[in-house]
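For reference, the structure is listed below as structure tokens.
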Amino acid sequence: MNLRFRVGAWCWTAAAPLFLVVNVVVGWRWRDPGFSWAVHNVSDLGNVGCGVWAGRAVCSPWHAAMNTGMLVTALLLLAGAFLLTRYAWDGNRCGFVLLVLAGTGLGVAALFPADVNENAHVQGAVLLFIGGNVGLIVTGLSRRARYRRSALGLGVLGLVATVLHLAGVGLGLGVGGMERVALAPLLVWTCVVGTLVAVTPAADPG
């Protein structure tokens, strides 16, 4: 396999597991008050200070680990996007640009925790949630893009979950849980595509 594609594939494959592990570990270290995946947002894990944030008691002792993990995840997503451009999108530049914006948004959110610079953090989150899910939908609608059916389905799921999260609707998952449903499609799709590319004997389209 083309070395460029192999490296990009492993970047994408590693991003989702890294993000999940960091969330679990940092959440586990959050003892007082107790952390809830249903109540608390992902951003709460990265907040630097302790206090009440948007009505939620927030105090994340390992916030530095969370923000570092988010930043590394963003870099892995961006590296994979650029290294796999000719393979995963095959001419679908709009989908590529939107997913690059999503990875950039995650990096911005990591560099600017919500309680340090809320405006920058929110702007990064918008790029992540909207750019990521719309990017998947655009990719799914492109006839030239590979893995487009899974991209379309996951993008629709993520966009619907984003709207529900912003509306404060948890559907039994809680607002925090719905936010994670909105975030998951981008990470799941890139992880699956990265794995598929990594095990494909000849991934170079020429």
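Structure notes:
- Cβ crowding within 10 Å, taken as a proxy for footprinting-reagent exposure, orders T68, T13, T190, T104 from fewest neighbours to most as T68, T104, T13, T190.
- By the count of other C-beta atoms within 10 Å, a proxy for reagent exposure, R148, R93, R4 are ordered fewest to most as R93, R4, R148.
- Bins of 5 Å, starting at 0 and running to the largest distance - Cα pair percent for the chain: 1, 8, 16, 20, 20, 14, 9, 6, 3, 1, 0, 0
- For the pair L3 and R149, the difference between a 0.36 nm per residue extended length and the Cα-Cα distance amounts to 49.9 nm.
- Unpaired by the 4.7 Å Cβ criterion, cysteines found in the chain: C11, C94, C191
- If the chain linking V24 and V48 were pulled fully straight, counting 0.36 nm for each residue of separation and taking away their Cα-Cα distance, it would gain 6.9 nm.
FYI, it's all coordinate maths here, none of it is from the lab. Note that the coordinates shown come from a computational prediction; the quantities given were computed from them, not determined experimentally. For neighbour counting, all protein chains shown are included, and Cβ atoms are generated from backbone atoms with ideal geometry for every residue, glycine included.
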